[in-house]
Amino acid sequence: MQLLTKWGKAVRSLHWTRGLRAGVAVAAAMAVCHMLGKPMGWAALGGFETILVDNGGPYRSRLTTMATVLLGGAVACVVGSVVPDTLWVAVVVTAAFCFAVTFARVVSQPVASTSVIVLVIYFAGLGGSTHTLIGALGNATAFLLAGAWAAALSLVLWPVDPFRPARLAVAECYALLAEFIAGVQIALPHGELREAQRSRMHGLQRAMRLQMEAARNAIGTTGARATARTVRARSLTVLLETADMLFAETIRWTELAEVAADEASRRALADAVRWLSGSERAVADGLRQRPRDGGASFAPEGSHSLEHVRGRGRPAVLDRREIPAGSLLAHLAAEERDALQNVEVAFESVRAVWSGVEFRAAADRWTVLASRNDRPTAKAGWADALRANWTRESVMMRHALRIGVVGGLDVALIRAMNLQHGFWLAMTSIIVLQPYGSGTLRRSVQRVGGTIAGGVLAALLAAGIHSVGGIIAVITVTSVLTLATYAVDYAWYCFFLTPTFVLMSLPHLRDWHYAGVRMETTVIGALVAVLAMRVLWPEREQIEFGRLLGRGAAADAEYVRAMMRFWSVGADERMAAERTILAPARRSCGLAINDAEETLDRLMLEPRVGRGARWEEALTFVTYLRRLTRAVTTLAVVGGAGAVERMEAVAVRLERVGAALVNGKIVEPIEGDGARVAADSESVAEQQMRRMERQVGVMERAAAELIAGV
């Protein structure tokens, strides 16, 4: 029953559509090759792997990921095919290639999503029958052409968005808020009308709790590759947390509406209610379907921002010169400022959902001024990521070294055992080897179990199919099932993957013994991976994940303190201080966040394991870690010594969160100090400080829920 439920979820979340698309891509590629009298294996591989890495989301990010696997795979095909036959050369080249491709995962999301597949293609070339440059280029061309066809099918002819269920679930949260706030009645007398409004509020609370839980589950179970590194997943997470904040504000506004006695308060509250309802409705509509302008209307100069953010930059209630302290108008002014910032964050995130580019709104112009120090060029960005991870403290550095050693060892083992089609041994080792021991063992068991069962099916199919047309038809069906079960269960995925690739690379018709080779090499490859994980820098996943999140919070706290030290130096020493104070702290943040994202990505792609784990809260925490780092980068430029006290409080809170995650002790969220700021303090620095205080509050809540759920 549990398996049927998960399969049903897969259907509803469009994974079956993704599987059908893969089947069409592979079938068409193989049919064309058959008609042209060309080998079908590399073309089928190109179509299958291109669909597999499709992350969903904006077209630009999807195209980038597909282009990465196609170009990287073509290079891997050529390199693997032309590696010299000399054993020590093959071992050294393989180890170096495996290390380089794995370590490159720190550079960008597309590389992180495709590195394992690129290595699989390398071993396919290494173990293939073609070892001339001309033959290798021909195979790479077939791979590229079939992959290009699959990309066109995916992006143009049959687009699929794995984030659609999550996007619609989040949109419904904003629709509920907009509908409720639009119907709030102001200054109702005691009696049935007021009781009806309170009953309506209770109904909203129940509906919002259910809808927000549904949205969290939808985000947490999205079967996209590298979810934590995906702009769309991070943006939807931010939108959900922002909806939670707006929900709390809606409750407070309803309470204010009950006590609005004078005409000025009623007018101001009615005006604010209309504005907030319109803003939330714009967010809901912007999430339900792709805007015709691709989300540009939510940019700072876009129509929605001009109407709901820039046009509300100084709410009507703030135009009053004198507002008595503690009055309803004073409370409303504070509430409007909070709501305005939340709406601005929501608009940024809606734009990012459709554009694939995260934006920093009001602080962006200051970031541009600081770009020569913080983000001068794309080259500096990836170079900084490489430098930050070039240390034994980096999980990815250790994993890349481990992959390199295992790749070279696999080549030596294949030669020593004289294994036919031994490249499946190396593929298995690379695929199941995870940065942590428990993940490697779990993935190995699933891979071996699924492959043995699938191997039996593959042997029966190979023995019973008498024609190439039959082979193409069966591969089409198994490709559909392979992609459809990818987000359901890894063992089932391996079960259907085995006949797909056995038949795809069958030496000749009715060679059912070939399936036995697949099973044998898979068992050996999994054993190599498990032993390597035990010997080479062994790490335990559950302990390590909490430590990584805690280390990320501690790194952000140190970055905040580095910013305060940076403020204390003279103007003529700022450039040197940026290199010696800010840059090292910023690199440490990047390293910690990359490691946390890498671990979370892997955990979120294993739906059978840890069903009690709260991956959506972990995604929230990692998302806000990165956002807080960017906020510090901006505030370092626009802030000054006057903000030291508040930033010290932020650093202390971050340190407490980090220690709590490491020790497993729940931290109670602390209210920020932003409420003590004067009402007319609307500078960019003030906006950034408020944002940071809110972000730390979100991280505290996420950490508490994570620890409570363990």
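Taking each residue as 0.36 nm, the span from S199 to Y59 lengthens on full extension beyond its C-alpha to C-alpha distance by 46.0 nm.
In this simple spin-label approximation, L210 and Q185 carry label points 7 Å from Cα along the Cα→Cβ vector, and these lie 2.5 nm apart. Per residue, the Cα convex hull of the range 25-158 amounts to 86 Å³. Modelled label positions at H513 and A152, each set 7 Å beyond Cα in the direction of Cβ, lie 4.2 nm from each other.
Look at S349, S129 and count the other Cβ atoms within 10 Å of each Cβ; fewest to most, that gives S129, S349.
Which residues does the label zone of R164 cover in the range 269-306, counting backbone N under 20 Å from a point 7 Å along Cα→Cβ? Correct set: 284-295. Model label points for L460 and R292, set 7 angstrom from Cα along the Cα-to-Cβ axis, are 5.5 nm apart.
Backbone amide hydrogens, once placed in the peptide plane, bring F163 within less than 5 Å of G57, excluding anything fewer than 5 places away on its chain.
For the range 410-427, putting each phi into the Karplus relation 6.51 cos²θ - 1.76 cosθ + 1.60 with θ = phi - 60° gives couplings of 4, 4, 4, 5, 4, 5, 5, 8, 6, 7, 6, 6, x, 4, 5, 4, 5, 4 Hz, in residue order, rounded to whole numbers and with x for Gly and Pro.
Taking neighbour Cβ counts within 10 Å as the exposure measure, how do M504, M689 sort from fewest upward? Placing the least packed residue first, the sequence is M504, M689. Neighbour counting of Cβ atoms within 10 Å sorts the residues Y436, Y122, Y59, fewest neighbours leading, into Y59, Y436, Y122.
Values quoted throughout were computed directly from the atomic coordinates according to the rules given, and no laboratory measurement underlies them. On a predicted model such as this, the values are computed, not experimentally measured, just so you know. When we count neighbours, we look across all protein chains shown, and the Cβ atoms used for this are built from the backbone with ideal geometry, even at glycine.
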